[in-house]
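The values are calculated or read from the model by the stated rules, or taken from the named source; none is laboratory data. Since the structure is predicted, the reported quantities are computational estimates derived from the model, not experimental observations. Cβ sites come from the backbone with ideal geometry, for glycine too, and all protein chains shown count toward neighbours. When the accessible area is computed, the model is the full protein with side chains, heavy atoms only, and any ligands, DNA or RNA have been set aside. Shrake-Rupley method; radii C 1.70, N 1.55, O 1.52, S 1.80 Å.
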Amino acid sequence: MTLSAPAPATTDDAAAPWVRMSGIVKRYGDVRALDGFSLDLARGELVALLGPSGCGKTTALRALAGLESVSEGTIIVHDVDVSTVPTNRRDMGMVFQSYSLFPHLTAVENVEFGLQMRKVAASERRRRASLMLALVGLEGREDRYAHQLSGGQQQRVALARALVTEPQVLLLDEPLSALDAKVRVELREQIRRIQTELGITTLFVTHDQEEALAMADRVAVMSEGRVEQIGSPEELYSRPATAFVADFVGLSNRLPGVLANGIVSVLGTALPVTSDAVRDGDVTAYVRPEHVRLLPGGVPATVAGTSFLGSMRRTVVTLEDDAKVTVQHDAADEVTLGARVGIALAGNPVAVEAR
Amino acid sequence: MLGAVFLGLPLVALFHFTIKGGLEGGITFRHWAELLSGEVDAGGPLWDGISSSLVLAAVTVALMLALLLPTMILVRLRLPRWEKALEFVCLLPLTIPAVAMVVGLAPVYSVVARIFGSGSWTLAFAYVILCLPYAYRALQSNLSAIDVPTLSEAARTLGASWPTVLLRVLLPNLRRGVLAASFISVAVVLGEFTVASLLSRTNLQTAIVLVQKQDPYVAYIVVLLSLALALGLLLVIGRVGAATARSNR
């Protein structure tokens, strides 16, 4: 590999973020697509922007790319304020959700395009483009046109095209969403490997939480134009800061409970709550399915459905008050539809919310 | 089959007329020979007509592309809400008879003549309007077949300026539409009579009418030849289009 990769981040670099987006507001008429959006990216890290559709995640990425102007706020990349710099001079590499290869150019010519814009000599261009195509595993397909490549291959050419100019930041706008499940998993592993190898700072937009949790160093969960919480995948899953994050990341049961003095009682079980943001009284507790277990003699329930997921089984039971609870348990514990079972809580709620 | 008869019969009749022996009867290629050897002097007005029609075709195509292509791309990228309005405006000339249009054009052309002179090439301004519906349709179908916003954005993030996006990314992918729009415009211009005649300008069709008054045989031979010319042009452009499409595969 002769492509120059940025040096690994030193502690100094880590202190000053490579990308800093602060207080970004984007209005479309009366709608605020971004409403005080702030995000820092450290050098070489992959941050995933995760959120439901319409939460503004793609707008945030496009604002960083310069494809959307921002109404308020600043965008600083490597100590330079780029808020008003046009897209073509921002030095970003971007992979789009829809296939974006230039149809009249071959794969290698597509990859060369960015180098051509930077006036790189023809022979050097071809060398670097071929190298990049080899890196994404498309050796020998240099002369294919877009329509001769599968969806996954097209996105890999697009990735090579975005990376070959060694941009400041790599922007990925749901690049995997048009692909089928198997290719998606393969390609996301490949993207992560190449990203780590080149040490390129990357912002990745997705609505697929599995994808975000599997790929990212940090995940920023967005809602209504701002970041709800940013943290490592583990943090988000086990210590969601808000009910929204608890509900959006991973599966959660929403169970009624009563909070008093840092103890919440749910389904007859008293459990400690770490957050003190919610006042005592009636609350909704978010409990992960793996923190509920089947226990003879527990809270009585009826099996309403069950699905086998390989190593484990997820079963939905109905309580006597018609509330539904999802239980994750060993695949060996077979349950039959309509059977009477008992359930019990085996772990603390990840979040509580005033009712 | 019926279409071939419908289309072919008048042409065969036309050809038959040009080889009829007139009063003496029989079949003769005398009229063709006379024209091709230059014995009949239809040259003057005819050459004027042909040359001004060719100039008109070129100017019309250039104007039409310069006007329509950037507008359509701009509307697609930035003002998608205006797409319907643009379509309406572009298709409007179809609904207006040429005769009616001339009534409106006549005063306009008195201004045009003052600025650009009264050369017959100035008819191109009117012809662009006549070609608009056909050219719009041809470009439109090509434009909707490619993802203009994404291709432009991809090129922009790779460092391309707007002129580069237009010339290096969009135009090569719109070649088929541009060729089709150009051809149909050429065909419209070569066949146009009403506007030229009513505005007292010379083009191929007005010249043919003029020649017909002197020698009907020559006029019909020229009609046949100009049809062959248009057909040839169609084949050439079709081939070029197919060749570029192949090289893109």
Quick one: pull the percentage of alpha-carbon pairs in chain A with a separation above 32 Å.
-> 43 percent
Kindly provide the Kirkwood hydrodynamic radius of the protein assembly as shown in Å, to one decimal, from all pairs of distinct alpha carbon atoms.
-> 30.1 Å
Accessible surface of chain A, 1.4 Å probe, proportion on carbon and sulfur as whole % = 49 percent
For chain A, set up a Gaussian network in which alpha carbons nearer than 10 Å are linked by springs, and say which option among A:R293, A:R89, A:R184 fluctuates the most.
-> A:R89
Identify which of B:T18, B:T122, B:T28 has the largest mean-square fluctuation in a Gaussian network model of chain B, with springs joining Cα atoms closer than 10 Å.
-> B:T28
Applying the gyration tensor rule to the Cα atoms of chain B (axes a ≥ b ≥ c; rounded if a/c under 1.5, else prolate if a/b exceeds b/c, else oblate), the class is prolate
Quick one: work out the % antiparallel among DSSP beta bridges in the protein assembly as shown, nearest 5.
-> 80 percent
Only Cα pairs under 8 Å and at least 6 apart count here; give the relative contact order of segment B:43-247 as a rounded whole percent.
-> 33 percent
Averaged over residues of A:110-118, the number of beta carbons from other chains lying within 10 Å of each residue's Cβ is 4
Counting other chain Cβ atoms within 10 Å of each Cβ in A:79-88 and taking the mean gives 2
Ranked from highest to lowest mean number of other Cβ atoms within 10 Å per residue, what is the order of the peptides B:53-64, A:325-336?
-> B:53-64, A:325-336
Given H placed 1.01 Å from N in the peptide plane, which residues other than close sequence neighbours of A:V169 have an amide H under 5 Å from its amide H?
-> A:G93
Cα centroid separation, segment A:24-73 to segment B:90-130 (Å) = 50 Å
What lysines could a cross-link reach from B:K20, if we take a straight Cα to Cα line under 30 Å and drop same-chain neighbours fewer than 8 places away?
-> B:K213
Leaving out ligands, DNA and RNA but keeping every protein chain, what accessible area does B:W82 have, in Å² rounded to the nearest 10, with a 1.4 Å probe?
-> 140 Å²
For segment A:326-339, just list the computed ³J(HN,Hα) in residue order, Karplus coefficients 6.51, -1.76 and 1.60, θ = phi - 60°, integers in Hz, with x standing in for Gly and Pro.
-> 9, 10, 9, 8, 4, 5, 6, 6, 7, 10, 10, 4, x, 5
What residue among A:G54, A:G44, A:G66 has the largest mean-square fluctuation in a Gaussian network model of chain A, using Cα springs under 10 Å?
-> A:G54
So how much accessible area does A:E166 have, in Å² to the nearest 10, using a 1.4 Å probe?
-> 80 Å²
Going from most exposed to least, what order do A:R90, A:R313, A:R141 have by accessible area with a 1.4 Å probe?
-> A:R141, A:R313, A:R90
A:K324 accessible area, assembled protein chains, probe 1.4 Å, Å² = 120 Å²
Which order do A:H78, B:H31 take when ranked by solvent-accessible area (1.4 Å probe, heavy atoms of all protein chains), largest first?
-> A:H78, B:H31
Nitroxide proxy distance, nm - points 7 Å out along Cα→Cβ at A:E235 and B:A187 = 6.6 nm
Quick one: if the Förster radius is 25 Å, what FRET efficiency do B:L11 and B:D215 give, using the C-beta to C-beta distance and rounding to 0.05?
-> 0.80
Provide a whole-number value for the mean count of partner chain Cβ atoms within 10 Å of the Cβ atoms in peptide A:89-96.
-> 4
By a straight-distance test (C-alpha under 24 Å), which lysines pair with A:K26 as possible cross-link partners, with residues fewer than eight away in the same chain excluded?
-> A:K57
Using θ = phi - 60° and Karplus 6.51 cos²θ - 1.76 cosθ + 1.60, couplings along segment A:274-288 (whole Hz; Gly, Pro as x) = 7, 6, 10, 6, 9, 7, 4, x, 6, 9, 9, 9, 9, 10, 5
Kindly sort A:W18, B:W47 by accessible area of their heavy atoms, largest first, with the probe set to 1.4 Å.
-> B:W47, A:W18
